[in-house]
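The values are calculated or read from the model by the stated rules, or taken from the named source; none is laboratory data. Here the structure is a predicted model, which is why all the values come from computation and not from measurement. Neighbour counts run over all protein chains shown; Cβ positions are idealised from the backbone, glycine included. Ligands, DNA and RNA are excluded from the accessible area calculation, which covers all protein heavy atoms including side chains. Shrake-Rupley method; radii C 1.70, N 1.55, O 1.52, S 1.80 Å.
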Protein chains: 2
Amino acid sequence: MDYSQSAMAKLYHVPLSPFCRKVRLVLAEKKIEVELVEEKYWEESPDFLRRNPAAKVPILKFDGKTMAESTPICEYIEEKHPEPALLPRSAEGRYEVRRLVNWFDDKFHNEVTSKLLYERVNKKVMKKGFPDSTNVKAGARAVKYHLDYMAWLLDHRRWLAGDVMTLADFAAAAHLSSLDYISDVDWNRSDTVKDWYAKIKSRPAFRSILADQVPGFPPPAHYADLDF
Amino acid sequence: MDYSQSAMAKLYHVPLSPFCRKVRLVLAEKKIEVELVEEKYWEESPDFLRRNPAAKVPILKFDGKTMAESTPICEYIEEKHPEPALLPRSAEGRYEVRRLVNWFDDKFHNEVTSKLLYERVNKKVMKKGFPDSTNVKAGARAVKYHLDYMAWLLDHRRWLAGDVMTLADFAAAAHLSSLDYISDVDWNRSDTVKDWYAKIKSRPAFRSILADQVPGFPPPAHYADLDF
């Protein structure tokens, strides 16, 4: 065996990025070993820009390729490592998963994650000033509406996109776990959503995410607690 | 034949939305007949909100389902109607297409489309005030960088994601055609990009897009001209 050609993946990431967390969850669920490299992408180092002209994380080095864009990365991993499956087989089922992944990475991200996490954490870390209270209030209002939408889905299904766990659950859990790190999720709002999060949080794939630490932002005690 | 169960699709759209145009191109390329219904989604009519809680277009009624989110819709159509193929077979090839679709629908959209088309057209149509000249200037700067990136890709490949036309070309052409409607693309910047656009513009699938008319915004003469 030629270890220089090892299949080990390397992920350039930041700990609280929901897009990076989605890729980490997929890799872990598929039992693909990954070396995590923290990347201060906002400093735009020449090395990083060479790896990724879009100047974003995640960047995954895998199979001899350097890949950007979290959802295309997850679809690639799914196609190369189909077990355990994170997309159903039917076109209808796959559509519903992809719709929800987009819902969280687009709508939830714009309305909630960018207004809470980016205001409270990213601005400080990137030295871009103080949280804008209008944004924080809008994010705090919007997260309630999204939790209610999740509760409605989960009243009809065991997991967000159907009766099996899929990439949609990982996309949602990636955003919620990042917000939970800064105590911005009210788990008392819905027992259904809390039960869903408890199930996903207790998976081995979640361990590395629960161990994350961001200097200057210690997580609350309940963050890593499986009995939160 | 039971015509009440006709497979005909119905698309709720706005003419210049690049996300709607991408879906229109895919349907037309696959020769799936579609009825277009213009949807003033910003007026948030109760009927439309019932169809689509995200209050966005496109919404596609197809196969007895009501679908939102343009890329998941395109992936669904591709899975149900695989010919002619708009995604390659290999995981590597599919990754590259999806990466570029994301590039245009995320990065290009944020840096260019939202700063030019939305400032110049959407604000007026939605009665949301006047174009912000800082945004317009930023968009006009950014489009040059994106055209150069496309030229670089097309110097290495016949089409954006490889040697065959894919969904990546439709995503790019959807954005560029909307911007071309308001004369915001400088086709003199790169012969390579202009040749690529001439090829894609002359496809039968493009005809309906070239016939679009937005009241108050007559297209320039070159818009529908295949010899622009």
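Conditions tested, residue by residue: (1) free of Cβ contacts under 8 Å to residues at least 12 places away in the same chain; (2) more than 30 Å from B:K124 (Cα to Cα).
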position	(1), (2)
B:H146	no, no
B:H156	yes, yes
B:W159	no, yes
B:V164	no, yes
B:A174	no, no
B:S177	no, no
B:I182	no, no
B:R189	no, no
B:T192	no, yes
Leading residue by the ranking (farthest from the chain's Cα centre (by Cα)) among those in region B:80-103 that are of a type outside the set (A, V, I, L, M), more than 18 Å from A:L100 (Cα to Cα) and in a helix (DSSP H, G or I): B:E92
Would you pick out the residues in region A:78-92 that are under 21 Å from B:R89 (Cβ atoms) and touching a strand residue (DSSP E or B) at 6+ places or on another chain (Cβ under 8 Å)? A:P88
Selection count where residues are modelled with pLDDT of 95 or more and facing another protein chain (nearest Cβ under 7 Å), scope region A:104-114: 0
What is the residue count in region B:104-150 for residues that are aliphatic (A, V, I, L, M) and not in a helix (DSSP H, G or I)? 1
For region B:105-127, which positions are in contact (Cβ under 8 Å) with a residue 40 or more places away in the chain and among the charged types (D, E, K, R)? B:D105, B:R120, B:K124
What single numbered condition from (1) touching a His at 6+ places or on another chain (Cβ under 6 Å); (2) hydrophobic (A, V, I, L, M, F, W, C); (3) farther than 28 Å from B:L36 by Cα fails to hold for B:A161? (1)
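Here is a yes/no grid of residues against (1) on the phi < 0 side of the Ramachandran plot; (2) modelled with pLDDT of 95 or more:
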{"position": "B:V23", "(1), (2)": "yes, yes"}
{"position": "B:L27", "(1), (2)": "yes, yes"}
{"position": "B:V37", "(1), (2)": "yes, no"}
{"position": "B:K40", "(1), (2)": "yes, no"}
{"position": "B:A55", "(1), (2)": "no, no"}
{"position": "B:L60", "(1), (2)": "yes, yes"}
{"position": "B:A91", "(1), (2)": "yes, yes"}
{"position": "B:V101", "(1), (2)": "yes, yes"}
Yes or no: A:P219 outside the structural domain of A:H175 (by TED's automatic domain parsing), of a type outside the set (K, R) and buried (at least 16 other Cβ atoms within 10 Å of the Cβ)? yes
Among (1) at pLDDT below 95; (2) within 14 Å of chain B (Cβ to nearest Cβ); (3) assigned to a helix (DSSP H, G or I) - the single one A:D47 does not satisfy: (2)
Residue check: is B:D195 open to solvent by 60 Å² or more (accessible area, probe 1.4 Å), outside any helix (DSSP H, G or I) and over 17 Å from B:H175 (Cβ atoms)? no
Residues that are of a type in the set (S, T, Y), farther than 29 Å from A:D105 by Cα and open to solvent by 30 Å² or more (accessible area, probe 1.4 Å): does region B:160-183 have at least one? yes
Check A:F170, A:F228 and return the single one that is assigned to a loop (DSSP other than H, G, I, E, B) and in contact (Cβ under 8 Å) with a residue 24 or more places away in the chain. A:F228
What number of residues within region A:60-96 are more than 8 Å from chain B (Cβ to nearest Cβ) and β-branched (V, I, T)? 2
Subset of region B:114-145 [open to solvent by less than 40 Å² (accessible area, probe 1.4 Å) and under 16 Å from B:S183 (Cβ atoms)]: B:L116, B:L117, B:E119, B:V121, B:V136, B:G139, B:V143
Residue under question is B:S208, and the condition is that it be at pLDDT 95 or above, open to solvent by 50 Å² or more (accessible area, probe 1.4 Å), out of contact with any helix residue (DSSP H, G or I) (no Cβ under 9 Å at 6 or more places or on another chain) and within 25 Å of B:S70 (Cβ to Cβ); does it hold? no
